[in-house]
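Report on one structure; see the data block that follows.
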Amino acid sequence: MPGVLSPPLSSFTKLADRVSGSARTVRLAAAEPPDGSLDALYTLLDEDLTGAVLVVGGAEDIEAAVWGQILARAARRAGAVAALVGGAVRDRWELTGEGLPVWGLSERTVGAVGVARVVGVDEAVAIGDSAVEPGDTIAVDPHGVVALPAEDAGELLAAARDLAAGEETLLAELEDGTELARAYDHKRSAVDRIRDR
């Protein structure tokens, strides 16, 4: 489904709350050693990334981890709020202490120095069936990740809040003893409002 990034991505770190930010994208490709260079990624991680979600695409066929503890620390230090990696990730245990939500396709032990190269920064990337444009809003919560086109993000987030409020009311009424069919009307009404937009 377009915009849904999990699956194929799965979480490599625990996330206690929701985060969202504007996509900063990096497109990678495989390289023959020693021709690979991630210098453009390192330069990006030295910029002010306050509120950004890093989205790394094009790495699904690189047989090495293109993200790990060092890049996560650099991203957090620069102000990023999450990293989405369309490729392999390493350092799962160490990532938990970095304070940056990281989602990836797979796990590898060996790093990508010399076997990966940056082919573009701040251009469209693909993860699975979803395209992510620079500036798209990326929403991350403990259950998954979605990319929202920048021009539609406000409306889509409002719809998501409406649906969440309907579900919270439904759950509260169930707790108070309301029959499920009647309590479910809150969620059904929210879904109808979203469809009518």
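The values are calculated or read from the model by the stated rules, or taken from the named source; none is laboratory data. The structure presented is a predicted model; accordingly, all values stated were derived computationally and were not measured. Please note: Cβ atoms are built from the backbone with ideal geometry, for glycine as well, and neighbour counts cover all protein chains shown.
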Among what's in region 30-69 and is exposed (fewer than 15 other Cβ atoms within 10 Å of the Cβ) and under 23 Å from TRP93 (Cα atoms), pick the residue that is nearest to the chain's Cα centre (by Cα). TYR42
Note on region 110-125: residues at pLDDT 95 or above and out of contact with any Asp or Glu (no Cβ under 8 Å at 6 or more places or on another chain) are ALA116, VAL119, GLY120, VAL121, ASP122, GLU123, VAL125
Exactly one of ALA183, ALA190 is at pLDDT 75 or above and of a type in the set (Gly, Ala, Ser), and that residue is ALA183
Checked pairs for region 1-21, first surrounded by 14 or more Cβ atoms within 10 Å (Cβ to Cβ), second of a type in the set (D, E, K, R) and modelled with pLDDT of 90 or more, C-beta under 7 Å and 6 or more apart or across chains, list as PHE12/ARG92
On the given criteria, is GLY79 part of a loop (DSSP other than H, G, I, E, B) and in the same structural domain as ASP122 (by TED's automatic domain parsing)? yes
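Please go through region 91-143 and give me each residue that is touching a helix residue (DSSP H, G or I) at 6+ places or on another chain (Cβ under 6 Å) and either among the small types (Gly, Ala, Ser) or touching a residue at least 40 places away in the same chain (Cβ under 8 Å) (or both), ordered by number. Before the answer, list the steps.
Applying the first criterion (touching a helix residue (DSSP H, G or I) at 6+ places or on another chain (Cβ under 6 Å)) to region 91-143 yields 91, 94-95, 98-100, 102, 118, 121, 137.
LEU95, GLU98, GLY99, LEU100, VAL102, VAL118, VAL121, THR137, listed by residue number.
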